[in-house]
Each structure stands twice: as C-alpha cells, then as structure tokens.
Amino acid sequence: MKLIVVAALIGVCAGGALPGHVAPQYYYGGPGYYPHGRPSPGVERNAAILRSDSEVTSQGFQYVYDTENGIHGEAAGVEANGIQSQGAFSYTGDDGQQYAVKYTADANGFQAQGAHLPTPPPIPDAIVRSIEENARAEAAGVYNEGSYNVYNNQAAFANRHQYPYQYQSNRPYNTLGYHGYKY
C-alpha cells in the first residue's frame, strides 16, 4: 500500500509541470502614456490663487486673476458683431524670463502682441500695389471678385452650344463603373 501511495505521489509531482507547454505571452501593452505639455524641472505643485475677480453682465464681461507663481491675467469684452474682447496675461517661463502678451479678439481675428512673439515678414511690394489697385477700383465702383463667371462673358454664353462636347470611345458601351473605376 505504501508503494502505491509513493508511486501516486511521484506521478502527481512529475505530471504537474509540463515543460513542453508554454502559455502564449500577452504582447500588447496598450496605447501607452505620452504626456503632453512642457517639461518641468521638478515636481510642480498647484499654485494658489491670490486674486480672482470677475463680472459678467448683459453688456459684457471682465475678469482679473493673479496666482502665487507669478501668473497674471485680465480681460474684458462686449458682445457686438460677435464678441469683441481685449486682455493681457503674463507669466514667468522655465528660463526665468517674464513673458507678457496683450491681445485683442474681434471680427478681425485674434491678434496678440508681445516682445517674445515672432513678427511677420513685410508684405511684398507687388502685393501692396495689388491691394492699392483693388482699393482704387473699388472706389471707382468696379467690383471684380476674382472668380470666373461664364454668364458675364456674353460671347461664351451666346456660343455655348456651338461646339458640343464630344466623347470618343473605342467601346460600344461603357464597361467601367462609377467614376471610371472597374468593379
């Protein structure tokens, strides 16, 4: 009886591990974590708000805020032809330099000004002359929107059926599908 128990125990121990069978590994690690934003030199804690004033009325809005890490922002706006607003904000960059931006946002778009912002290149002379010529033509009552309109071209309108479109095909019928692609 002892021999049977010992043999069964050895059989169970030897049969438990099957070295030839390996479970497949899970290779997909997920989309991963890719943080966005600027790198920071160390652990950055949330800045306390030192001042936060805001007012919203039917005529417009205005707000001002300051934080303990040197961020300042202010803006005011009214609703006229969309929302017209102007404001400013400033902060200290990672390089220790103070950055300040003043802006206006209205029907002409968002226009920011700051000493650190790049300036656009000057407008080429040919474009300046073209703008001046368009302004003179508009003042004289000439409006050319720059798009071709076949109905304003009387000769083309009168002769539009003179040369009908001709399609040549070597096939007795169209064997191609929609947009000329074979299916």
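The values are calculated or read from the model by the stated rules, or taken from the named source; none is laboratory data. Please read these numbers as outputs of a predicted model, since none were measured by experiment. Glycine also receives a Cβ, built like all others from the backbone with ideal geometry; neighbour counts cover every protein chain displayed.
Some observations on this one:
- Some residue of segment 110-133 being touching a strand residue (DSSP E or B) at 6+ places or on another chain (Cβ under 7 Å) and β-branched (Val, Ile, Thr): no
- Within the set GLY96, GLY70, the sole residue that is over 17 Å from ASP53 (Cα atoms) and assigned to a loop (DSSP other than H, G, I, E, B) turns out to be GLY96.
- Residue in segment 78-88 that is modelled with the highest pLDDT, counting only those that are over 25 Å from the mean Cα position of the chain (by Cα) and in a strand (DSSP E or B): VAL78
- Within segment 103-119, one or more residues are surrounded by 10 or more Cβ atoms within 10 Å (Cβ to Cβ), among the small types (Gly, Ala, Ser), at pLDDT 90 or above and part of a loop (DSSP other than H, G, I, E, B).
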